[in-house]
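Peer 1: First the structure, then my questions, so here it is.
The values are calculated or read from the model by the stated rules, or taken from the named source; none is laboratory data. These numbers come from a predicted model, not from an experiment. Here Cβ is always computed from backbone atoms with ideal geometry, including for glycine, and neighbour counts include all displayed protein chains. In case anyone asks, the SASA skips ligands and DNA or RNA and just uses the protein heavy atoms, side chains included. Shrake-Rupley method; radii C 1.70, N 1.55, O 1.52, S 1.80 Å.
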Amino acid sequence: MKKIERAEESAFPARREGTVPLLEIMDLSISFRMYGEGLAQRVLEPISNLYLRVYPGEILALIGSSGSGKSLLAAGILGILPPNACQKGRLLYKGKDLNPERQAALRGREIALLPQSVSYLDPLMRVGAQVDGYRKPFPREKRRSIWKRFGLPMQTEKMYPYQLSGGMSRRVLLSTALLSEAELLIADEPTPGMSLEQSLEALRTLRQEADKGKAIILITHDIDLAASFADWMAFLYAGVTVELAPARDFREGTQALRHPYSQALWRALPQNGFQPIPGFQPYAGEEIPGCRFADRCPYQTELCRAALPPIRSLRGGEVRCYHGT
């Protein structure tokens with residue numbers, strides 16, 4: 001079990017009454033047209049009815065198992081989906097529609113991605129020059145200060161990506177995102193390959209950026225880190241938002257959470273008994289008219305199987321469940 005000193009509550013007055021979300025996503029669906037045997041076509045929908053909001057000054061952690069649509073969501077927000085993708089629903093940035101033209105204009109400027117894959121680094125370019133980019137004047141001193149904080153030696157700037165370890169590559173990508181002036185930062189699995197101390201320093205840095213007023217979407221499998229540094233947690237299951245909860249609710253335990261899936265995740269942590277639940281997450285190609293968690297839920301009824309529950313407010317959070325309490 002990791003020993004993590006919990007971050008202090010955000011000093012920025014996020015989610016004040018009347019505050020407009022920096023990013024709001026409503027009923028987002030992302031599907032792909034695929035070809036099978038004999039040129040037969042089929043449609044896969046990894047994300048459907050996805051809903052979330054993130055406000056200036058807060059970290060929103062996206063939590064869910066592999067295949068729940070977390071990284072795909074990042075691509076949808078940025079407008080970098082492949083040509084065979086179809087995106088439906090509504091995305092609002094600062095209260096205005098985030099259409100493809102606006103995505104292209106804001107991408108890399110007001111909305112920045114810290115990618116999961118280190119393949120985003122150019123293998124033919126020295127690392128220091130990549131991080132500094134085309135900004136004028138070059139932010140060398142600020143970049144070196146960040147690298148010193150992350151434990152990256154100065155000779156790293158003269159290296160090529162193939163000379164970096166996995167943890168070094170993650171820290172380099174993180175420093176690139178931190179040098180941007182973006183108001184919304186999407187951090188997709190920023191800590192794999194790092195030691196615990198390096199991971200904590202990376203999350204402390206993201207916390208400081210949020211406290212300055214930026215909004216951060218943190219995509220991670222490390223629930224302990226997420227619950228320690230995030231303000232809110234969005235739980236995704238099979239591409240559907242099942243709960244939005246203050247991070248303190250997850251720290252308090254199952255009695256403070258609202259959905260059976262988020263409660264099951266809490267029980268599955270080693271320090272909480274390591275209790276698995278039977279069954280598997282549905283495949284993206286399965287057509288499920290009702291709740292996608294129904295087959296694994298101890299409270300499921302015929303209504304759960306017949307229709308997807310609407311998202312509703314409950315005890316200071318939001319839940320998509322007929323039986324959430």
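Peer 1: Rounded to the nearest 500, what is the chain's calculated 222 nm mean residue ellipticity when only DSSP H runs of at least 4 contribute -39500 (n - 2.57) each, over all residues?
Peer 2: -7500 deg cm²/dmol
Peer 1: Would you pull out the residues with amide H under 5 Å of residue 114's amide H, same chain only if 5 or more places away, H placed 1.01 Å from N?
Peer 2: Amide H to amide H, under 5 Å and 5 or more residues apart or across chains, residue 114 pairs with 186, 187, 188.
Peer 1: Same structure again: Provide the per-residue ³J(HN,Hα) series for region 55-61, in order, calculated from phi with Karplus coefficients 6.51, -1.76, 1.60 and θ = phi - 60°, each as a whole number of Hz, with x at glycine and proline positions.
Peer 2: 10, x, x, 9, 9, 9, 8
Peer 1: I need the fraction of alpha carbon pairs in region 196-237 separated by more than 15 Å, rounded to a whole percent.
Peer 2: Summing the P(r) of region 196-237 above 15 Å gives 38 percent of all pairs.
Peer 1: Calculate, for region 121-244, the solvent-accessible area per residue in square angstrom, rolling a 1.4 angstrom probe over the heavy atoms of the protein chains.
Peer 2: Using a 1.4 Å probe on heavy atoms only, each residue of region 121-244 averages 39 Å².
Peer 1: Assuming a ≥ b ≥ c are the square roots of the Cα gyration tensor eigenvalues, decide whether region 243-325 counts as rounded (a/c under 1.5), prolate (otherwise, with a/b larger than b/c) or oblate.
Peer 2: oblate
Peer 1: May I ask for the equivalent-ellipsoid semi-axes of the chain, computed as the square root of five times each C-alpha gyration tensor eigenvalue and listed largest first in whole Å?
Peer 2: Each semi-axis is √(5λ); the values are 33, 24, 20 Å.
Peer 1: Which far-off residues, 5 or more places away or on another chain, put their amide H under 5 Å from the one on residue 23, with H placed in the peptide plane?
Peer 2: HN-HN under 5 Å from residue 23: 54, 94.
Peer 1: Net charge around residue 112, counting only other residues with Cβ within less than 14 Å of its Cβ (Lys, Arg = +1; Asp, Glu = -1)?
Peer 2: Summing Lys/Arg as +1 and Asp/Glu as -1 gives -1.
Peer 1: Hey, another quick one. What are the ³J(HN,Hα) couplings of region 85-94, residue after residue, when phi is run through the Karplus curve with 6.51, -1.76, 1.60 and θ = phi - 60°? Round to Hz, x for glycine and proline.
Peer 2: 8, 10, 10, 10, x, 10, 10, 10, 10, 6
Peer 1: Hey, another quick one. Amide H neighbours of residue 98 under 5 Å, counting only residues 5+ apart in sequence or on other chains, H built in-plane at 1.01 Å?
Peer 2: 91, 92, 93
Peer 1: Quick one: among 76, 67, 290, which has the greatest mean-square fluctuation in a GNM of the chain with alpha-carbon springs under 10 angstrom?
Peer 2: In the Gaussian network model the winner is 290.
Peer 1: Here's something else I'd like to know. Counting pairs on different chains as well as pairs 8 or more places apart, how many Lys pairs in the chain have Cα atoms under 27 Å apart?
Peer 2: Taking the Cα cut-off of 27 Å, the pair count is 26.
Peer 1: Still on this model: I need the peptides 129-138, 184-193, 110-119 ranked by packing, meaning the mean over residues of other C-beta atoms within 10 angstrom, with the highest value on top.
Peer 2: 184-193, 110-119, 129-138
Peer 1: Let me ask another. Rolling a 1.4 Å sphere over the protein heavy atoms, what is the accessible area per residue of region 246-290, to the nearest Å²?
Peer 2: Here the residues of region 246-290 average 55 Å² of exposed surface.
Peer 1: In whole percent, and with a 1.4 Å probe on the protein chains, what portion of the accessible area of the chain is carbon and sulfur?
Peer 2: That share works out to 53 percent.
Peer 1: Please compute the net charge surrounding residue 171, taking Lys and Arg as +1 and Asp and Glu as -1 over other residues with Cβ under 14 Å from its Cβ.
Peer 2: +2
Peer 1: Stretch residue 306-residue 148 to full length: gain in nm at 0.36 nm per residue minus the Cα-Cα span?
Peer 2: Gain on extension, residue 306 to residue 148, equals 51.3 nm.
Peer 1: By how many nm would the segment from residue 313 to residue 280 lengthen if fully extended, with 0.36 nm per residue of separation less the alpha-carbon distance?
Peer 2: Residue separation times 0.36 nm, minus the Cα-Cα distance, leaves 9.1 nm.
Peer 1: Continuing with this model, one more query. Hey, what's the Cα Rg ratio for region 53-139 versus the globular rule of thumb, 2.2 N^0.38 Å?
Peer 2: Normalised by 2.2 N^0.38 Å, the Cα Rg of region 53-139 equals 1.28.
Peer 1: Give, as a single signed number, the net charge of other residues whose beta carbon lies under 10 Å from the beta carbon of residue 189, with Lys and Arg counted +1 and Asp and Glu -1.
Peer 2: Net local charge, residue 189 excluded: 0.
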